[in-house]
Amino acid sequence: MRFYVFVGCVLIFCIFGFVGCETTKAIESPTTTPVEKPVKPAAPIPDDTGKPVPPPAEGEIGILSAEKTEYDFGTIEPGSRNSGEFILKNTGKGVLEIDKNIHCSCGCTLASLETYTLGPGKTTKMKVTYNAGETPGSTSKYCTVKPMPPAKGELRLVIKANVKKHVNVTPEEIVVPLKPEGDATQILVVEGADERPFKISRVTVTNDAFTMEFDPHASQVRHEIKVTPKMDVLGASSSSGAFTFFLDHPVVKRTHARFTVQMPFQAQPATIFFRDMKPKSPSQATITIVSEFGDKVEVTDVTTEKDLVKIISKEAKTDSYTVTVELTAPADNKTKILRDRVIFTFNNPYQQDIKVPVYGRVKY
């Protein structure tokens, strides 16, 4: 009996000892490295139509191009709304994303795309809408389309048109000599090119510089308007400007003509530019005031705007007035461009001050 008890104890001891050893080994064994899960490939990028576009391979980019870069609407009506299309294409090997901010040179021109995401070899339509103005003649606008980086191929697409002329103004521009003698009245003819009668309700002009005679109640194909310059106004303010005629024509509601003022005196040259000036070395030039109408040139004063230019000499003649001016470059090695103006004042109520720009480029 004692023998069996002894054997039982030995068996129990061996069993617990074996388990304890295994437990210790399990605790002392190093931490197992976790197994990395496989990364799923990026999902394809859908384009604006919802169709998936496969991601580009490394180094492959989209390139924006157009079948044509110019669209001509031809002859169009004033105030009309006109639509056209450009075909854009991705000629690269990668996905092309197009900037949705398409810049057009005028608010009268709008542009939009059917889709802004293109896979390799894919195309899209760009719709352009041009709202014509009332000024007749040829016109040109442009729209800039940019790809999003890293794609390449910025486009400048040109839109052309010729706005049909329904009303002619003759002459299109008049020149007004500013001299007190003689009658300065001129005739502007406003005539319908389509033989449809119309009225001129009113006429405006820059700075209200002319008086005008016309019949606002007359409905006819051809109108003659007498325009007389206000010499004091033109001499004080306007060297150029425009007439605007307001019409009740079925198509054209406004048309224009220009005017330019011929002053009594002019400066020769009108601008002076000294090139490759050396520091501390003065450069000289002459400015001559001449009469446009053979009048006596009476200069009351000659000054400079910034005192960079020095007046060296003056010579007055009956029909001209000449000054010698001098500009000296500083030695500071910083100033590269010098700017000043020589100002002539006259004893003539119709002559504005003449301001002659003087520039110097310094070479160190």
Conditions first: (1) out of contact with any strand residue (DSSP E or B) (no Cβ under 7 Å at 6 or more places or on another chain); (2) outside the structural domain of ASP72 (by TED's automatic domain parsing); (3) crowded, with 16+ Cβ neighbours inside 10 Å. GLY94 passes all but one, so which condition is the exception? (2)
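Matching residues to (1) touching a strand residue (DSSP E or B) at 6+ places or on another chain (Cβ under 7 Å); (2) closer than 28 Å to PRO250 by Cα; (3) modelled with pLDDT of 95 or more; (4) surrounded by 15 or more Cβ atoms within 10 Å (Cβ to Cβ):
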site: GLU60; (1), (2), (3), (4): no, no, no, no
site: LEU64; (1), (2), (3), (4): yes, no, yes, yes
site: THR69; (1), (2), (3), (4): yes, no, yes, no
site: PRO78; (1), (2), (3), (4): yes, yes, no, yes
site: GLU85; (1), (2), (3), (4): yes, no, yes, no
site: PRO120; (1), (2), (3), (4): yes, no, yes, yes
Please go through the stretch 129-145 and pick out each residue that is within 14 Å of SER112 (Cα to Cα) and either buried (at least 16 other Cβ atoms within 10 Å of the Cβ) or not assigned by TED's automatic domain parsing to the domain that holds TYR71 (or both). TYR130, TYR142, CYS143, VAL145
Filter the stretch 180-239 down to the residues that are farther than 30 Å from ILE354 by Cβ, surrounded by 14 or more Cβ atoms within 10 Å (Cβ to Cβ) and in contact with a Phe, Trp or Tyr (Cβ under 7 Å, 6 or more places away or on another chain) and list them by number. VAL190, GLY192, ILE200, VAL203, HIS223, ILE225
By residue number, the members of the stretch 309-364 that are closer than 23 Å to LYS278 by Cβ, assigned to a strand (DSSP E or B) and among the aromatic types (Phe, Trp, Tyr) are TYR359
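Looking at SER138, SER83, SER105, SER112, can you tell me which residue is under 27 Å from PHE246 (Cα atoms), in contact (Cβ under 8 Å) with a residue 12 or more places away in the chain and among the hydroxyl-bearing types (Ser, Thr, Tyr)?
Details: SER83 fails: under 27 Å from PHE246 (Cα atoms); SER105 fails: under 27 Å from PHE246 (Cα atoms); SER112 fails: under 27 Å from PHE246 (Cα atoms).
None of the other options fit; the residue is SER138.
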All conditions in (1) in contact with a Leu (Cβ under 9 Å, 6 or more places away or on another chain); (2) basic (Lys, Arg); (3) within 24 Å of GLN262 (Cβ to Cβ) are true of LYS355 except (1)
Residues that are in contact with a Lys or Arg (Cβ under 6 Å, 6 or more places away or on another chain): list the strands (runs of 3 or more DSSP E) wholly contained in the stretch 104-183 that include at least 1 such residues. 109-113, 123-131, 137-145, 155-163, 173-177
Output yes when any residue across the stretch 211-225 is assigned to a loop (DSSP other than H, G, I, E, B), modelled with pLDDT under 95 and either within 30 Å of HIS103 (Cα to Cα) or not assigned by TED's automatic domain parsing to the domain that holds TYR71 (or both), and no when none is. no
Taking PHE274 and the conditions (1) assigned by TED's automatic domain parsing to the domain that holds LEU234; (2) closer than 24 Å to LYS336 by Cβ, which numbered condition does it fall short on, given that it satisfies the others? (1)
Taking the stretch 252-281 as the region of interest, how many residues are surrounded by 14 or more Cβ atoms within 10 Å (Cβ to Cβ) and more than 37 Å from the chain's Cα centre (by Cα)? 1
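The values are calculated or read from the model by the stated rules, or taken from the named source; none is laboratory data. A quick note: this is a predicted structure, and the numbers were derived from the prediction, not measured. When we count neighbours, we look across all protein chains shown, and the Cβ atoms used for this are built from the backbone with ideal geometry, even at glycine.
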